[in-house]
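J.: Attaching a single structure in structure tokens format; questions to follow.
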Amino acid sequence: EPLQSNRVNIEGTLCVLLAARDAGVKRVIYAGSSSAYGDHPELPKREDHPTHPLSPYALAKLAAEHYCRLFTQLYHLETVTLRYFNVFGARQNPDSQYAAVIPKFITACLQHEPLPVYGDGQQSRDFTYVDNIVHGNILAMTAPDVAGKVINLANGSRTTLLQLIAYIETFAQQQAQVQFLPSRPGDVLHSQADVSRAQALLGFEPLVNVEQGLQRSLAYYAHSLKVSIV
């Protein structure tokens, strides 16, 4: 739904920026997306890498970044763009068409349903537990000299979908049914963040690694589905 994506992500962000400017808000933190990098092949992704969005969503998120930068330059409203990388954690809706892969995989495994994998499963992501994102946002609220900056927020590591499934199988103590499907257009093969700018400007370090985050997430969904894990 490219038109709806445009309205929500571009016009919606512009409305927030205008309201913040007019109300005298000191700083706006924008939830950017790693999808802005697109298929740029170099890893890890640095903030100065070229952007090449591959979907209407990615394009809209990048356009809103530029609005943030312009409001800092033109109206002296402090804005900070944090590019999130594949955030996951408890309370994500696994049934949404926009759901992240982790809640889909966990709930499917717990309910003995097939896990859909588009492609060969070797594609990789910098899966980032939500506590790390919250931590980075809190740091960005008061960090000095970050107005107008774009900053990656992630673990700074890479996990393939097959590795992800193996972790889930281990923590759930059961074998998953993997269903391989054709690759989808617009999907990026590999993504990993360089978080050195976040470390330097925000003092950021990830608090929870992928395995710990998966265990916490699986415990939540098991409780929600009333499934016992021995």
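The values are calculated or read from the model by the stated rules, or taken from the named source; none is laboratory data. Because the structure is a prediction, the values reported are computed rather than measured. All Cβ positions, glycine included, derive from the backbone under ideal geometry; neighbour counts span all protein chains shown. Keep in mind that these areas ignore ligands, DNA and RNA; they rest on the heavy atoms of the full protein, side chains included. Shrake-Rupley method; radii C 1.70, N 1.55, O 1.52, S 1.80 Å.
J.: With r as the distance between the Cβ atoms of C15 and E113 and R0 = 41 Å, compute the FRET efficiency 1/(1 + (r/R0)^6) and round to 0.05.
T.: In this case the efficiency is close to 0.55.
J.: Also, quick follow-up: On a full-extension model of 0.36 nm per residue, what is the gain between L207 and L70, subtracting their alpha-carbon distance, rounded to one decimal in nm?
T.: My answer for the length gained is 46.1 nm.
J.: Over the residues of segment 1-131, compute the C-alpha Rg and express it relative to 2.2 N^0.38 Å.
T.: 1.21
J.: Would you tell me the accessible area of T142, worked out with a 1.4 angstrom probe on the heavy atoms of the protein chains, in Å² to the nearest 10?
T.: That residue has around 110 Å² of solvent-accessible surface.
J.: In debye to the nearest 20, how big a dipole does the chain give about its Cα centre with +1 on each Lys and Arg Cβ and -1 on each Asp and Glu Cβ?
T.: Here the size comes out at about 360 debye.
J.: May I ask you to derive the FRET efficiency for Q179 and S228 from their Cβ-Cβ distance with R0 = 25 Å, giving the value to the nearest 0.05?
T.: 0.50
J.: Here is a follow-up. Which log10 I(q)/I(0) values, to two decimals, does segment 133-176 give at q = 0.15, 0.25, 0.28, 0.30 Å⁻¹ under the Debye formula with one point per Cα?
T.: -0.60, -0.89, -0.99, -1.06
J.: Once Rh is set to the Kirkwood radius over Cα pairs, what Stokes-Einstein translational diffusion coefficient, in µm²/s, holds for segment 165-230 at a temperature of 37 °C and a viscosity of 0.692 mPa s?
T.: Reported coefficient: 216 µm²/s.
J.: Quick check: convex hull of the Cα atoms in segment 35-108, volume per residue, rounded to a whole Å³?
T.: Hull volume over Cα atoms, normalised by residue count, gives 132 Å³.
J.: Still on this structure, please answer the following. Which value results when the Cα radius of gyration for segment 131-205 is divided by 2.2 N^0.38 Å?
T.: Against the compact-globule rule of thumb, the ratio is 1.51.
J.: Turning to a different aspect of this structure: Placing +1 on the Cβ of each Lys and Arg and -1 on the Cβ of each Asp and Glu in segment 145-230, which of P206, L189, Q174 has its Cα farthest towards the positive end of the resulting dipole?
T.: In segment 145-230, that residue is Q174.
J.: What are the equivalent ellipsoid semi-axes of segment 75-159, built from the alpha-carbon gyration tensor (square roots of five times its eigenvalues), in whole angstrom, biggest first?
T.: 32, 14, 11
J.: Another one. Which three lengths, in whole Å and largest first, does the chain cover when its Cα atoms are put on their principal axes?
T.: The principal-axis extents, from largest down, are 55, 33, 31 Å.
J.: Continuing with this model, one more query. Suppose we keep just the alpha-carbon trace of segment 1-48; what are its Rg and Dmax in angstrom?
T.: 14.5, 41
J.: Order these peptides, 214-220, 114-120, 181-187, by their mean beta-carbon neighbour count within 10 angstrom, highest first.
T.: Top to bottom by mean Cβ count within 10 Å: 214-220, 114-120, 181-187.
J.: Let me ask you something else. Straight-line reach from K61: which lysines fall under 23 Å, measuring Cα to Cα and dropping same-chain residues less than 8 apart?
T.: K26, K45, K149
J.: Please work out how much accessible surface D22 shows to a 1.4 Å probe, ignoring ligands, DNA and RNA, in Å² rounded to 10.
T.: Here the accessible area works out near 110 Å².
J.: What residue among C109, C15, C68 has the largest mean-square fluctuation in a Gaussian network model of the chain, using Cα springs under 10 Å?
T.: In this elastic network of the chain, the residue with the biggest mean-square fluctuation among C109, C15, C68 is C15.
J.: Only helices at least 18 Å long along their axis, Cα-based, and averaging 1.0 or more on Kyte-Doolittle count here, so list those DSSP H runs from the chain.
T.: none
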